[in-house]
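See structure below.
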Amino acid sequence: MYIEAVLKCNVDNAPYRVYINNELITERFYTILDHTTISNTLHVQLKNAENYNIEIENLSENTVILESFTVKENKNALA
């Protein structure tokens with residue numbers, strides 16, 4: 001399955017981790033490239049599961065949130 005997760009934060013360089021089904025997927029810094037960019041998107045391919053629980057662990061006082069996520073069987077179906 002292909003998962004696309006849209007993350008948001010109002011602060012540049014906020015560190016965070018993404019877990020899917022209690023497994024650490026990535027640890028990174030939220031990036032604002034310019035004054036109009038206020039979201040990051042994670043694309044990942046995972047083994048099929050009945051459901052996907054996505055959790056964000058913030059590693060500073062700045063909060064990164066999961067705005068939405070989409071699960072598709074076909075990578076090309078993600079917008």
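Readers should treat all values here as calculations from the given coordinates under stated rules, not as data from a laboratory. All of these numbers come straight from a predicted model, not from anything done at the bench. Cβ atoms come from the backbone with ideal geometry, glycine included; neighbour counts cover every protein chain shown.
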Exposed GluC sites (Glu not before Pro) being those in a DSSP loop with at most 16 other Cβ atoms within 10 Å, the longest stretch of the chain free of them is 1-49
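Per residue, what volume in Å³ does the Cα convex hull of the chain take up?
Numbers: hull volume 6.9 nm³, N = 79.
It is 87 Å³ per residue.
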Return a whole-number percent for the relative contact order of the range 2-73, with Cα pairs under 8 Å and 6 or more residues apart as the contact set. 50 percent
